[in-house]
Structure formats: structure tokens, C-alpha cells
Amino acid sequence: MQEATAQSFCIANLKMHGDLRFNAQLFDAYLKQIPSSQHVAVVVCVPYPYLAQAQQYFKDTHIAWGAQIMSKETEGAFTGEVSAHMLRDFGAEYVIIGHSERATAYCESDENIATKFYQAKAHGLTPVLCVGETLIEREAGVMERVVDEQLSEIIAAYGAGVFADTIIAYEPIWAIGSGLAATPEQAQAMHVFIRNKIAQLDEKAAQTLRIIYGGSVNPKNALQLFVEQDIDGGLIGRGALYAE
Ligand code: PEP
């Protein structure tokens with residue numbers, strides 16, 4: 001389905017790891033070890049306090065940076081929140097939206113996720129929308145229905161066209177941090193499902209949408225996953241703490 005020349009993404013989610021010293025070593029290693037490629041965009045999503053450090057290290061390099069969450073509001077009395085505009089102020093180009101670790105631990109609603117997705121795009125950020133099912137849902141065979149509902153909330157609010165030039169990360173919740181990645185076949189099947197859903201509603205948006213896989217990607221399984229035709233790269237947590 002995908003054009004051979006389409007760009008892939010390798011997105012690091014550093015979660016709540018690192019500090020100034022650790023990051024300095026990691027970012028140096030990224031710059032030395034990750035080659036520049038016109039086919040693969042490399043992005044590092046850092047905790048808020050380290051956006052300035054990411055900017056310092058990656059400005060004018062082949063590596064972009066972003067955040068792991070943002071506010072759905074644009075400005076105002078929202079203590080502790082960080083807006084899309086503030087992320088842009090630090091040169092961020094990407095933001096993860098709806099990661100399951102936020103959705104489950106901090107009760108992020110689908111409605112909030114939809115608003116954030118839209119706000120990110122409206123402020124010139126590329127949203128990386130996380131979707132995926134729990135283990136119980138996969139075992140019950142309803143994983144496509146679950147992902148369908150997650151996408152439908154955004155489509156109902158903003159239309160399928162909003163997915164143009166954005167990224168969806170298929171992240172089965174059971175695979176995140178568990179050491180048990182989806183098989184390439186499982187991931188490919190879901191990616192085709194997602195792409196077809198968007199394409200049925202907006203063919204043009206589907207063409208510029210990138211669908212990446214996340215969940216226990218490691219040096220052993222990465223290649224098998226990423227050679228699948230509809231897997232446009234990865235969202236990588238633990239594995240991203242090691243540049244190699
Ligand atoms: C993630 O947090 O998005 C993720 C995929 O984590 P891990 O690679 O550690 O499973």
C-alpha cells in the first residue's frame with residue numbers, strides 16, 4: 001500500500017528517564033551514532049524540563065525533538081499545564097498525544113485526546129497519536145473495534161482530513177514495556193486496518209499519514225517489524241535509552 005519512497009519515523013519516548021548529565025551523554029551518542037537519512041526522521045520526545053537541553057543539542061542537526069504531552073488549552077489559569085505554543089517556543093516539532101501511560105494513570109478522556117490532537121496540529125506541531133488495545137481486548141478479538149472507537153472520536157470532532165501529515169502510533173497496551181512485542185503480522189494487520197479506515201474517509205489524508213508501531217521494540221525485533229509494508233517506523237521507549 002505504501003509508496004517505496006515514503007518517509008519513516010523513529011521516535012524516542014524518553015518517558016520520565018534521564019537528567020541533564022544522562023541526557024548529555026545520550027544526546028551526544030545519538031548525534032554520533034544515528035546517521036542522517038532522507039528516508040528516516042529521528043525524533044526525541046523528552047520530559048518538559050529538558051526541552052531546552054534538547055534544543056541546545058539538536059538544533060541544526062538531523063534530529064528533531066518534541067514533548068510527551070501537552071495541554072488542550074491555549075493559555076490561561078491552568079496550573080501545571082504546558083501549551084502547544086510553549087512547546088513551539090523551545091523548537092519542539094512533535095508531541096505525543098494519548099499515550100496509554102497517561103490515559104490510564106491520569107484518566108485522560110478520548111475527548112481530551114481529540115482536542116489535544118487538533119490543538120497540536122493547529123499550532124504547527126506534528127501530533128503522534130497513540131492508539132491500541134488491552135490484552136483482554138485482544139484476547140476477546142475486539143482490538144479493531146477498540147482502535148476504531150479511538151479514531152472515531154477525533155474523526156467525529158474534526159473530520160478524517162485532520163490526519164493529513166500526522167502520525168498514529170499503534171501501541172498495543174500489553175506490549176508497552178512488557179518485553180512482549182506484537183508480532184510483525186499482528187502489527188501489520190492493525191496498521192492496514194487504520195490506514196484503510198482513514199483512506200475510506202479521506203484518501204489524501206491517508207497518503208500523508210504515517211503509522212508507526214510501539215511496544216517493546218528492541219534490536220532483535222526492530223527489523224522484522226519495520227520491513228512490514230504498512231509499518232512506517234517505531235515509537236520506542238526503553239530501547240531509546242541506548243543510542244545503539
Ligand atoms: C512507549 O512508551 O511508547 C513504548 C513503546 O515503550 P517501550 O518501547 O518501552 O515498550
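For Y170, state whether it is more than 16 Å from the chain's Cα centre (by Cα) and of a type in the set (F, W, Y). Please lay out each step first, then the result.
Working: more than 16 Å from the chain's Cα centre (by Cα): no; of a type in the set (F, W, Y): yes.
No; evaluated as a whole, the condition is false for this residue.
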Exercise. Does segment 32-86 hold any residues that are surrounded by 12 or more Cβ atoms within 10 Å (Cβ to Cβ) and among the charged types (D, E, K, R), and which are they?
Worked result: K72, E73, E81
Seminar exercise, completed: Scanning segment 226-237 for residues that are within 11 Å of the ligand (Cβ to nearest atom) and touching a Phe, Trp or Tyr at 6+ places or on another chain (Cβ under 9 Å) gives G234, L235
Exercise. Restricting the search to segment 193-225, which residues are in contact (Cβ under 8 Å) with a residue 40 or more places away in the chain, in a helix (DSSP H, G or I), within 16 Å of the ligand (Cβ to nearest atom) and surrounded by 16 or more Cβ atoms within 10 Å (Cβ to Cβ)?
Worked result: L225
Exercise. How many residues does segment 94-152 contain that are within 16 Å of the ligand (Cβ to nearest atom), of a type in the set (F, W, Y) and over 20 Å from A12 (Cβ atoms)?
Worked result: 1
Exercise. In this structure, does Q188 turn out to be away from the ligand (no atom under 15 Å from the Cβ), modelled with pLDDT of 95 or more and more than 27 Å from A140 (Cβ to Cβ)?
Worked result: no
Exercise. How do the pairs read when you match residues in segment 15-34 that are under 17 Å from K59 (Cα atoms) and of a type in the set (K, R) with residues anywhere that are surrounded by 14 or more Cβ atoms within 10 Å (Cβ to Cβ) and modelled with pLDDT under 95, using Cβ under 8 Å and keeping only pairs 6 or more apart or on different chains?
Worked result: K32/A243
Exercise. (1) assigned to a helix (DSSP H, G or I); (2) farther than 21 Å from G66 by Cβ: which one isn't true of G179, the others all being true?
Worked result: (1)
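The values are calculated or read from the model by the stated rules, or taken from the named source; none is laboratory data. Treat the numbers as computed from the prediction; the structure is a model and nothing was measured. When we count neighbours, we look across all protein chains shown, and the Cβ atoms used for this are built from the backbone with ideal geometry, even at glycine.
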